[in-house]
1. Which residue is modelled with the highest pLDDT, if the candidates are limited to region 1-31 and must be over 21 Å from Leu69 (Cβ atoms) and open to solvent by 50 Å² or more (accessible area, probe 1.4 Å)?
2. Filter region 179-195 down to residues that are open to solvent by 50 Å² or more (accessible area, probe 1.4 Å) and not in a helix (DSSP H, G or I), then give me how many there are.
3. Within region 32-88, how many residues are in a loop (DSSP other than H, G, I, E, B), surrounded by fewer than 18 Cβ atoms within 10 Å (Cβ to Cβ) and either under 35 Å from the mean Cα position of the chain (by Cα) or at pLDDT 95 or above (or both)?
4. Can you tell me which residues in region 137-153 are among the aliphatic types (A, V, I, L, M) and in a helix (DSSP H, G or I)?
5. With the condition kept exactly as written, say whether any residue in region 326-339 is in a strand (DSSP E or B) and not aliphatic (A, V, I, L, M).
6. Check region 196-207 and report whether any residue there is open to solvent by 10 Å² or more (accessible area, probe 1.4 Å), in a helix (DSSP H, G or I), among the aromatic types (Phe, Trp, Tyr) and at pLDDT 95 or above.
7. Residue check, Cys354 against (1) touching a Lys or Arg at 6+ places or on another chain (Cβ under 6 Å); (2) surrounded by fewer than 17 Cβ atoms within 10 Å (Cβ to Cβ); (3) part of a helix (DSSP H, G or I), all met but one. Which one?
Amino acid sequence: MASVIVVDNDLKDSIKEYVQVLDGLNGNTDLATKVNSSLPTQQDQAISNKQELYTILQQASTAETLRNLTDKEFEPTIYLLIHILSQLGSIDLVLNSESSPIYNLLLTINPQQPLSLRDRKSIRSTSVLSILSTIFNLIPKESKTRIYVIKQILKVIKTSDIEFNAIEDNISQNLVNWLQESNASENEIKEIFWDFIALDKGYSLKSLNFIKSFTHEFAVSEPELTKLIKFALLSKIVDVSFLINNNVASALKNTDKLTQLFAQYVRGEILSTEDIAAADASLPAQFIHQKSRILNLAKFFANKSLSSDHDNIVFKYSEIETALNSTELEELLVEAIKAGVLEGKINQIDETFCLSRVNRFILAGDEEANVENWNLVKRALQQWLDSITNIDDIVRATRENLVNSSAN
């Protein structure tokens, strides 16, 4: 939706209002004296020296002066400045250029770190972000300047205490479309996308799904694959196999340690802390090791539940070899259920686990494993079909028994 800046006064009165704000901040009337001499004296007289006034006001609007505004005053004052300069010049001159002083002004004033409680009246990043968002909507969709504004918005978010989930939905739903409308190159789109993803320090499921949809459309380079892998491994989401589409599968053919580690992870193999540290020392080895144990447990149930030598969904603790003892196994089962990779009921007395549902391991590009997995799925469906072959006869017989029992 396009934005507009609404100002009640005419241009002359708007200029006087803005000048009064700046002089109030500077504690003198120097700017008023300078500007009044350039304004027309007659009420209905048009401003003839617009370029001169434009230069005077632009030069007077310094970061040193305007950062003395309170947060509440800052946003309307900047909008007033944009309106005045646009009337004295043009909206393209003021906003539709990366070299516009407005951008430098906003980015200079933007706090470079989160504010403390003592700074509650100071200008906040949320106000700068709001202004940049309004500017973004004022610029024509096809303008390349929009690409620059998006980059600045991401920089403001990065250096602020703005919660990522507060801006995630709006940006993730529109980012690629915005960039394509502005004729961004594929490299620009990919660079901005991964810069946006890097802002999510919670490594959320929403961002993982955004990565999934993005990599479905765009090929994945080696550096981008590294970013994807680290994000997925750092996420609390255990089963990230949904990320493996054809583009990601193609990139996973790389043989570096981190790529091999991730390929093992999504296949449900247990990763040792030593192997994780060797692949990338910056990763939390114990956290990822535990995630891999949970996924490995799901893989065990996925294979065994469809195995011809295990026809039941009830598993004895003794069958499950992923834990040292019953207590550890029960803790692992609880973690797996919380992670959503399986469902079932634990029977501590009988030391059994009754499986209700488990995630299957079907990955793009892993053809050999997929053939086996699909065969397992077919076998399960056939078993289900066989079990209901005589369902009509069973229901009819049961109904007749109930009727006969009632009659007696």
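1. Of everything passing the filter in region 1-31, Asp10 is modelled with the highest pLDDT.
2. Count: 2.
3. Number satisfying all stated conditions: 4.
4. Let us first name the residues in region 137-153 that are among the aliphatic types (A, V, I, L, M), namely 138-139, 147, 149-150, 153.
Listed by number, the residues that qualify are Leu138, Ile147, Val149, Ile150, Ile153.
5. Of region 326-339, the ones in a strand (DSSP E or B) are none.
There is no residue in region 326-339 that is in a strand (DSSP E or B) and not aliphatic (A, V, I, L, M).
6. no
7. Answer for Cys354: the failing condition is (3).
Residues checked against (1) touching a Gly at 6+ places or on another chain (Cβ under 9 Å); (2) within 13 Å of Leu106 (Cβ to Cβ); (3) open to solvent by 10 Å² or more (accessible area, probe 1.4 Å); (4) part of a loop (DSSP other than H, G, I, E, B):
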position	(1), (2), (3), (4)
Ser122	no, no, yes, yes
Thr126	no, yes, yes, no
Ile135	no, yes, no, no
Lys155	no, yes, yes, no
Ile162	no, no, yes, yes
Ala166	no, no, yes, no
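The values are calculated or read from the model by the stated rules, or taken from the named source; none is laboratory data. Only a predicted model underlies this, so the values are computations on that prediction, with no experimental measurement involved. With ideal geometry, Cβ positions are generated from the backbone for all residues, glycine too; neighbour counts draw on all protein chains shown. All accessible areas refer to the heavy atoms of the entire protein, side chains included, with ligands and DNA or RNA removed. Shrake-Rupley method; radii C 1.70, N 1.55, O 1.52, S 1.80 Å.
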